[in-house]
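The values are calculated or read from the model by the stated rules, or taken from the named source; none is laboratory data. Treat the numbers as computed from the prediction; the structure is a model and nothing was measured. No Cβ is skipped: glycine too gets one built from the backbone with ideal geometry, and neighbour counts run over all protein chains shown. Protein only, heavy atoms only, side chains kept; ligands, DNA and RNA dropped before computing areas. Shrake-Rupley method; radii C 1.70, N 1.55, O 1.52, S 1.80 Å.
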Amino acid sequence: MNKDLLMDFSIDKATSTVFIKREFDASIKNVWAAWTESDLLDLWWAPKPWQSKTKSMDFKAGGKRLYAMHGPEGEEHWALAEFKSITPTTNFKFLDAFCDSNGKINKDFPRSEWDVHFSESHERTMVNISIKHQSMADLEKIIALGFKEGFTMALGNLDQYIEAQEKLRSELRTDNKPRVCNYLNFPGNTEEAFLFYRSVFKTEFGGDGIHRFGSLPADADHPPIDESVKNMVLLVELPITANHIIMGTDAPKEKGFTVITGNNMHISIEPETRAEADRIFNSLSAGGNVTMPLQDMFWGAYFGSFTDKYNINWMVNHVTKK
């Protein structure tokens, strides 16, 4: 954690309420997304080495998030959040509970009311959290289970996620001008191929050159990177004729990929706005097969992929300007 960022944890015994103030070095938009989108929540919500895995989430008033905390020894604890009210980017409230994998509430454990408020100042975001319990005995039961230590660690995970997002965003791209690229997948020889392409077109790799899986921040995904994969290419881009960009990545079998002719190339569209990304994605994917819905990703982009109804592979990748 950045020592300059505020962290305050206090308990009001008179109201059986926990108050937490936590500052993050990021915009309110990015912090809000990290708290309210299931795939981003799962990157940081659990204290390490535990992992958060969301089974379902409908982020709206009356909606629910059903998720499990998975431990390193195969432990599994389920929880439910029932959303009571949402004011986009500034506040949401929910009622939490322990439950089973189907969302049936475990009445042996107390529930609590969460009120999470977001405010922004000087490119930093303050999150004010109040967690009200029905009684001081209920609060003490949760504290005894290690809530303070676990949640403090989880908030530290969010710091690491934000740092990773900002680092990759600044390294890969610094503007959001629209462009079209071809995105190429290789089974493990991306570097060899791109060194060959560089020699043909006599251009240089973009950004900071070749990014490898081993440089990926540990918090960006929970499973550790296999030693056999660490030196493989996470991303590289190269301008070719007429300044067209080709981008490449290794899709190794160790990560569960099978690269064959037909799935090894995508047309990558990078629209200027989020709205245009939505429009292109929804229009082009109609009648096709969506392989990844549009969503905010850890590298600072709004990204999705699909195969259209003519079996052409596409990616839509809107890069948010820092």
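Data for the structure
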item	result
Near pairs, Cβ below 9 angstrom, 6+ apart or cross-chain, from the stretch 105-132 (on the phi > 0 side of the Ramachandran plot and acidic (Asp, Glu)) to any residue that is modelled with pLDDT under 95 and open to solvent by less than 60 Å² (accessible area, probe 1.4 Å)	123/26; 123/27
Failed criterion for residue 97 (all others in (1) under 19 Å from residue 130 (Cα atoms); (2) part of a helix (DSSP H, G or I) hold)	(2)
Residues (over 20 Å from the mean Cα position of the chain (by Cα) and either open to solvent by less than 30 Å² (accessible area, probe 1.4 Å) or aromatic (Phe, Trp, Tyr) (or both)) located in the stretch 52-70	63
Flag if residue 78 is part of a strand (DSSP E or B), under 15 Å from residue 35 (Cα atoms), free of Cβ contacts under 8 Å to residues at least 40 places away in the same chain and aromatic (Phe, Trp, Tyr)	no
Test for residue 148: is it open to solvent by 10 Å² or more (accessible area, probe 1.4 Å) and part of a strand (DSSP E or B)	no
Odd one out for residue 170, checked against (1) at pLDDT 75 or above; (2) part of a helix (DSSP H, G or I); (3) open to solvent by 40 Å² or more (accessible area, probe 1.4 Å)	(1)
Residues that are among the small types (Gly, Ala, Ser) and out of contact with any helix residue (DSSP H, G or I) (no Cβ under 7 Å at 6 or more places or on another chain), drawn from the stretch 129-166	130, 135, 137, 144, 146, 150, 156
Scope the stretch 278-302; condition of a type outside the set (S, T, N, Q), surrounded by 20 or more Cβ atoms within 10 Å (Cβ to Cβ) and at pLDDT 90 or above; matching residues	281, 294
Qualifying residue in the stretch 31-51 (condition: farther than 18 Å from residue 146 by Cβ, open to solvent by 30 Å² or more (accessible area, probe 1.4 Å) and among the basic types (Lys, Arg))	no
Members of the stretch 108-126 found to be in contact with a Leu (Cβ under 8 Å, 6 or more places away or on another chain) and among the aliphatic types (A, V, I, L, M), listed by number	126
Pick from the stretch 303-322, criterion among the aromatic types (Phe, Trp, Tyr) and within 23 Å of residue 249 (Cα to Cα), ranking: most open to solvent (accessible area, probe 1.4 Å)	314
Test for residue 36: is it in contact with a helix residue (DSSP H, G or I) (Cβ under 9 Å, 6 or more places away or on another chain) and β-branched (Val, Ile, Thr)	no
Scope the stretch 3-24; condition outside any strand (DSSP E or B), open to solvent by 50 Å² or more (accessible area, probe 1.4 Å) and closer than 13 Å to residue 156 by Cβ; matching residues	3
Contacts under 7 angstrom Cβ, first residue in the stretch 277-304 being closer than 11 Å to residue 318 by Cα, partner open to solvent by 60 Å² or more (accessible area, probe 1.4 Å) and not hydrophobic (A, V, I, L, M, F, W, C), 6 or more apart	302/274; 304/293
